[in-house]
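Heads up, the thing below is written out as structure tokens.
The values are calculated or read from the model by the stated rules, or taken from the named source; none is laboratory data. Here the structure is a predicted model, which means the values were calculated and not measured. Every residue, glycine as well, gets a Cβ built from its backbone with ideal geometry; the counts of neighbours run over all protein chains shown.
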Amino acid sequence: MDSHSASQIIHYAKGRFHRGELFKDLQILVGDYAAIPPGHVSYGDILNVLCDVALPFLFTGPSPQRHLSEILMKLGGTSVSGHLTDLVALELLSILKLIRVKDGDRTLVALAEPNPDLLPLVD
């Protein structure tokens with residue numbers, strides 16, 4: 001089974017990298033994923049990639065409509081003190097965080113090893 005093309009983004013969502021500033025971290029990871037220099041990665045690029053990666057997992061999981069409804073209600077009920085794009089990115093990352101990659105010995109989603117050249121790894 002080939003490694004998922006967004007392995008590094010999934011590792012980030014699962015907390016395997018130290019988190020710094022969300023936008024800068026995602027610029028690095030999305031840049032690596034899309035072969036774009038990080039300084040050229042926009043908020044739109046980040047959301048496009050996170051949607052492309054996260055939504056298939058959302059829609060194949062249990063109760064996708066309920067989960068999407070919960071996300072939208074959470075976003076709608078949030079007072080926007082932070083950048084709305086950051087809130088959407090965090091919700092998409094929360095989908096990726098919950099991905100089951102193994103079921104006992106069986107691999108459900110193959111992930112490449114976390115790349116410490118992108119961001120520092122959590123010990």
Odd one out for G20 among (1) part of a loop (DSSP other than H, G, I, E, B); (2) closer than 30 Å to D105 by Cβ; (3) in contact (Cβ under 8 Å) with a residue 40 or more places away in the chain: (2)
Hits in the range 42-67 - residues which are among the β-branched types (V, I, T) and either under 12 Å from the mean Cα position of the chain (by Cα) or within 13 Å of E91 (Cα to Cα) (or both): I46, V49, V53
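Residues are listed down the side, and each one gets a yes or a no for (1) more than 21 Å from D2 (Cα to Cα); (2) modelled with pLDDT under 85:
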{"position": "H67", "(1), (2)": "yes, yes"}
{"position": "M73", "(1), (2)": "yes, yes"}
{"position": "T78", "(1), (2)": "yes, yes"}
{"position": "G82", "(1), (2)": "yes, yes"}
{"position": "D105", "(1), (2)": "no, no"}
{"position": "L111", "(1), (2)": "no, no"}
{"position": "P114", "(1), (2)": "no, no"}
{"position": "L118", "(1), (2)": "no, no"}
{"position": "L121", "(1), (2)": "yes, no"}
Only one of V41, V88 that is at pLDDT 95 or above and either surrounded by 13 or more Cβ atoms within 10 Å (Cβ to Cβ) or hydrophobic (A, V, I, L, M, F, W, C) (or both): V41
Tally, over the range 114-123, of residues that are touching a residue at least 40 places away in the same chain (Cβ under 8 Å) and either exposed (fewer than 11 other Cβ atoms within 10 Å of the Cβ) or assigned to a loop (DSSP other than H, G, I, E, B) (or both): 6
